[in-house]
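Asker: Have a look at the structure that comes next, please.
The values are calculated or read from the model by the stated rules, or taken from the named source; none is laboratory data. Predicted, not measured: the structure shown is a model, and the values here were computed from it. So basically every Cβ, Gly included, is an ideal-geometry build from the backbone, and we count neighbours across all protein chains shown.
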There are 2 protein chains.
Amino acid sequence: MDKNRLIELQRIYRDGLLNDTLPFWLKSCVDREHGGFTFMLNRDGSLMDTDKGVWQQGRFTWLLGTLYNKWEKRPEWLELAHHGIEFMEKHAFDTDGRMFFHLDKEGNPIRKRRYVFSESFAVIAYAAYSKASGEKWAGEKAHQIWEMIMHILHTPGMLPPKFTDHRQTKGLALPMTLLVTAQQLRENLGDNGYSKTIDTLIERINLHWMKNEFSAVLETVGMNGEFIDHFDGRMLNPGHSIELAWFLLRESEYRNNDPKIQAMGLKILDWMWEWGWDKEYGGITYFKDVKNYPPQEYWHDMKFWWPQSEAIIATLMAYRLSGNKKYAEWHKMIHDWTYKHFPDPEFGEWYGYLHRDGRVSVPSKGNLWKGPFHIPRMQMICADECGKML
Amino acid sequence: MDKNRLIELQRIYRDGLLNDTLPFWLKSCVDREHGGFTFMLNRDGSLMDTDKGVWQQGRFTWLLGTLYNKWEKRPEWLELAHHGIEFMEKHAFDTDGRMFFHLDKEGNPIRKRRYVFSESFAVIAYAAYSKASGEKWAGEKAHQIWEMIMHILHTPGMLPPKFTDHRQTKGLALPMTLLVTAQQLRENLGDNGYSKTIDTLIERINLHWMKNEFSAVLETVGMNGEFIDHFDGRMLNPGHSIELAWFLLRESEYRNNDPKIQAMGLKILDWMWEWGWDKEYGGITYFKDVKNYPPQEYWHDMKFWWPQSEAIIATLMAYRLSGNKKYAEWHKMIHDWTYKHFPDPEFGEWYGYLHRDGRVSVPSKGNLWKGPFHIPRMQMICADECGKML
């Protein structure tokens with residue numbers, strides 16, 4: 001990558017975040033009456049549904065706190081992060097300490113789920129906010145929720161299984177989420193045993209989910225990493241494991257460019273790029289079957305916003321850390337395809353759900369799953385990546 | 001519809017069932033080693049996954065028993081229905097009397113769900129098999145499972161809610177399933193209070209799910225039929241309510257052409273055809289939002305096999321019962337579009353999941369959701385409809 005390209009990319013990511021993504025959301029999402037954020041915005045930014053997803057409350061609060069910590073001490077960002085924390089404090093926790101998944105605009109609970117993802121996004125939100133505000137209690141609370149998650153995961157029976165005992169399975173999403181959550185805790189609160197947990201997670205992922213015989217990272221395996229030759233066990237989610245790849249690359253850098261962890265991250269990226277990149281239409285495909293059967297999921301060939309965002313980060317970071325030009329080429333492929341098809345030139349921000357060939361399927365901008373997270377996180381990290389290379 | 005067209009249609013449906021659909025499945029799906037049926041077949045009929053969905057065990061057993069009862073006393077069909085019943089008897093019931101959702105090939109339970117749909121499909125299977133075989137115990141068991149379903153639904157707390165008390169909702173799938181299950185019980189066992197239950201269900205659907213202000217049948221409403229102005233409450237599934245339309249038309253015919261029930265069925269068909277028919281590409285669209293927002297479900301514009309099958313039945317039955325030529329035109333539109341895009345000319349049977357424009361998305365023929373049910377049921381009913389008109 002020459003200097004001009006890097007300057008241009010840095011501008012695209014930075015301006016995209018500050019002049020497109022953030023203004024699009026902030027124009028309509030801050031609920032000054034009931035607190036928190038309403039993210040279910042239509043294409044033009046108008047509100048389609050006043051409900052509040054708990055994942056997105058935590059994720060946006062994390063983003064605001066992190067921008068404040070790493071980019072600029074804008075009082076607006078700190079105030080908004082406080083606004084998010086305040087709403088979660090009031091409404092997102094059930095009496096058992098667990099968190100809800102879905103609230104209405106007043107904060108009344110609509111749905112609670114068995115998984116610990118609401119909790120993980122709250123951990124990173126509280127940790128980033130604590131560092132930004134200097135409020136120690138928020139850091140303590142982040143660590144407390146983290147300990148609760150660990151307790152739930154390590155106490156048999158506390159997390160009701162989706163399947164029967166006869167075929168117990170475990171998903172990649174859990175160790176991945178714990179890994180990035182521990183990284184955030186360490187970054188914002190200092191290393192309170194988090195690196196040790198990360199060691200264990202990396203070892204476990206390597207042993208149980210990475211399969212040399214398929215050159216692939218599986219999503220669902222048996223309790224001891226067994227390959228499960230059924231639809232769920234064969235399913236690959238390339239964007240998801242490409243996200244894991246850059247979590248590992250970032251970890252390798254934190255550890256003075258640990259060559260083993262870096263190699264693991266690059267291997268995953270190499271494997272899953274091969275599975276995910278759509279050679280016919282471009283972009284990262286949602287699902288593949290590791291035995292090349294048709295996937296059970298009928299939306300398997302769609303292009304979602306987040307796998308593209310994660311691949312943009314992973315390829316750029318891989319290029320900076322390894323110097324291998326292949327990654328610069330891949331980055332150009334995924335960056336160009338994504339920026340050609342996802343941004344909405346009329347109303348700003350990106351569409352979330354495209355057909356395989358890049359045509360828009362759902363024109364709205366937000367729902368329970370899509371909010372200001374994957375895109376601005378990519379813009380923030382990639383602007384920084386360009387900065388480091390410059 | 002002139003006589004030649006009806007003869008041609010009758011041939012298409014009857015031959016399709018006897019010479020395409022049934023042979024495609026029967027070639028590979030009967031598990032003589034472990035019992036039951038394996039339906040997860042690839043495009044060419046080869047087995048992709050040995051697991052067994054309980055819905056499909058019940059549905060195929062029902063089909064075989066019903067063909068025996070209504071079409072022809074083929075010993076093969078009775079033997080296969082017995083084969084299905086035997087497997088369900090051995091493996092599909094949990095110790096609490098409830099049923100599993102997903103078994104492995106040996107019949108070990110993989111997943112149990114909170115809903116009562118496995119149970120409803122078992123009811124129709126046992127009822128049809130009882131009539132076909134003359135085995136009274138199977139009819140008694142059908143009624144017993146039916147009573148258990150009613151007990152579960154009418155005892156607060158027995159069906160764990162998906163959402164919190166704060167916004168309790170109820171779905172159209174439940175009264176629809178009960179309605180068609182009661183019709184099947186009555187047909188095969190005689191009227192043991194089933195018509196009275198059907199009266200209540202029809203009244204309830206009319207009061208709570210049909211909304212004149214939207215000219216639409218909603219999928220999810222509040223406990224007293226309130227419109228819920230959020231994604232779930234606004235969601236329309238036109239193929240689903242078109243299926244309801246013909247359940248009602250059939251009920252009106254059973255009741256000496258009851259004009260009120262017939263009018264309700266035709267109204268639903270008129271409403272939901274308008275919502276569902278894709279004026280640009282043809283076929284019935286999966287989801288719409290009643291306020292015309294983009295649906296949250298990203299596969300909203302795909303064309304699935306079953307909404308088309310249900311619309312073929314509903315339009316043909318509506319034409320026969322009402323004599324209104326509009327329905328003959330609609331039937332031609334949906335029949336022609338479906339038969340142009342869904343059948344697989346090379347290996348037989350139909351694809352299940354097409355893109356909006358009719359291109360294939362998933363080429364396989366079976367999974368947990370798609371098996372020999374909607375297509376052969378449509379072929380059986382529509383061949384009979386043509387027969388009645390001839």
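Asker: Out of (1) crowded, with 21+ Cβ neighbours inside 10 Å; (2) farther than 20 Å from residue B:359 by Cα; (3) over 21 Å from the mean Cα position of the chain (by Cα), what's the single condition that is false for residue B:328?
Answerer: Checking residue B:328 against (1) crowded, with 21+ Cβ neighbours inside 10 Å; (2) farther than 20 Å from residue B:359 by Cα; (3) over 21 Å from the mean Cα position of the chain (by Cα), the one that fails is (1).
Asker: Further, regarding this structure: Quickly run through segment A:283-296 and pick out the residues that are at the interface with chain B (Cβ under 10 Å from one of its Cβ atoms) and under 18 Å from the mean Cα position of the chain (by Cα).
Answerer: The answer is A:286, and nothing else.
Asker: While we're on this one: Mind checking whether some residue in segment B:346-362 is surrounded by fewer than 21 Cβ atoms within 10 Å (Cβ to Cβ), away from chain A (no Cβ under 14 Å), out of contact with any strand residue (DSSP E or B) (no Cβ under 9 Å at 6 or more places or on another chain) and at positive phi?
Answerer: yes
Asker: For residue B:55, indicate whether it is aromatic (Phe, Trp, Tyr) and closer than 20 Å to residue B:117 by Cβ.
Answerer: For residue B:55, the condition - aromatic (Phe, Trp, Tyr) and closer than 20 Å to residue B:117 by Cβ - is met.
Asker: Being touching a residue at least 24 places away in the same chain (Cβ under 8 Å), assigned to a loop (DSSP other than H, G, I, E, B) and within 11 Å of chain A (Cβ to nearest Cβ) is the filter here; which residues of segment B:39-59 pass it?
Answerer: The answer is B:42, B:43, B:50, B:51.
Residue by residue, here is whether (1) modelled with pLDDT under 95; (2) over 29 Å from residue B:165 (Cα atoms); (3) touching a Ser or Thr at 6+ places or on another chain (Cβ under 9 Å) holds:
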{"residue": "A:52", "(1), (2), (3)": "no, no, yes"}
{"residue": "A:86", "(1), (2), (3)": "no, no, no"}
{"residue": "A:105", "(1), (2), (3)": "no, no, yes"}
{"residue": "A:108", "(1), (2), (3)": "no, no, yes"}
{"residue": "A:112", "(1), (2), (3)": "yes, no, yes"}
{"residue": "A:128", "(1), (2), (3)": "no, yes, yes"}
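Asker: Now for a separate question. Out of curiosity, is residue B:214 away from chain A (no Cβ under 14 Å) and modelled with pLDDT of 95 or more?
Answerer: yes
Asker: Restricting attention to segment B:202-231, which residues are under 21 Å from residue B:293 (Cα atoms) and buried (at least 17 other Cβ atoms within 10 Å of the Cβ)?
Answerer: Of everything in segment B:202-231, those that are under 21 Å from residue B:293 (Cα atoms) and buried (at least 17 other Cβ atoms within 10 Å of the Cβ) turn out to be B:209, B:210, B:216, B:217, B:218, B:219, B:220, B:221, B:230, B:231.
Asker: Mind counting the residues in segment A:157-201 that are under 30 Å from residue B:51 (Cβ atoms), away from chain B (no Cβ under 14 Å) and loosely packed, with under 14 Cβ neighbours inside 10 Å?
Answerer: 2
Asker: Looking at (1) within 13 Å of chain B (Cβ to nearest Cβ); (2) in contact with a Leu (Cβ under 7 Å, 6 or more places away or on another chain), which one does residue A:377 not meet, given that it meets all the others?
Answerer: Of everything listed in (1) within 13 Å of chain B (Cβ to nearest Cβ); (2) in contact with a Leu (Cβ under 7 Å, 6 or more places away or on another chain), residue A:377 misses just condition (1).
Asker: Same structure again: Considering segment A:63-98 alone, what residues qualify as being of a type in the set (Gly, Ala, Ser) and either surrounded by fewer than 18 Cβ atoms within 10 Å (Cβ to Cβ) or closer than 15 Å to residue A:132 by Cβ (or both)?
Answerer: A:65, A:81, A:84, A:97
Asker: Continuing with the same structure: Can you tell me which of (1) within 14 Å of chain A (Cβ to nearest Cβ); (2) buried (at least 16 other Cβ atoms within 10 Å of the Cβ) is the one residue B:262 doesn't meet?
Answerer: Every condition holds for residue B:262 apart from (1).
Asker: Considering only segment A:274-308, how many residues are in contact with a strand residue (DSSP E or B) (Cβ under 8 Å, 6 or more places away or on another chain) and either of a type in the set (Val, Ile, Thr) or under 15 Å from residue A:331 (Cα atoms) (or both)?
Answerer: Final tally of qualifying residues: 9.
Asker: For residue A:78, indicate whether it is within 23 Å of the chain's Cα centre (by Cα), within 23 Å of residue A:350 (Cα to Cα) and away from chain B (no Cβ under 11 Å).
Answerer: no
Asker: Scan segment B:221-243 and tell me whether some residue there is over 23 Å from residue B:303 (Cβ atoms), among the small types (Gly, Ala, Ser) and within 14 Å of chain A (Cβ to nearest Cβ).
Answerer: Checked segment B:221-243: at least one residue is over 23 Å from residue B:303 (Cβ atoms), among the small types (Gly, Ala, Ser) and within 14 Å of chain A (Cβ to nearest Cβ).
Asker: Let me ask something else about it. Within segment A:249-361, considering only helices (runs of 4 or more DSSP H) that don't extend past its boundaries, which have at least 1 residues that are within 30 Å of residue A:28 (Cα to Cα)?
Answerer: A:305-322, A:325-341
Asker: Taking segment B:363-373, which residues are more than 10 Å from chain A (Cβ to nearest Cβ) and surrounded by fewer than 24 Cβ atoms within 10 Å (Cβ to Cβ)?
Answerer: B:373
Asker: Please specify each residue of segment B:55-79 satisfying the condition of being closer than 14 Å to residue B:30 by Cα and among the small types (Gly, Ala, Ser).
Answerer: B:58
Asker: Another question about this same structure. Of a type in the set (Lys, Arg), surrounded by fewer than 24 Cβ atoms within 10 Å (Cβ to Cβ), away from chain A (no Cβ under 14 Å) and part of a loop (DSSP other than H, G, I, E, B): is that true of residue B:32 in this structure?
Answerer: Yes: the conditions hold for residue B:32.
Asker: Can you pull out every residue in segment A:297-316 that is in contact with a Leu (Cβ under 7 Å, 6 or more places away or on another chain) and within 12 Å of another protein chain (Cβ to nearest Cβ)?
Answerer: Within segment A:297-316, A:302, A:303 meet the criteria.
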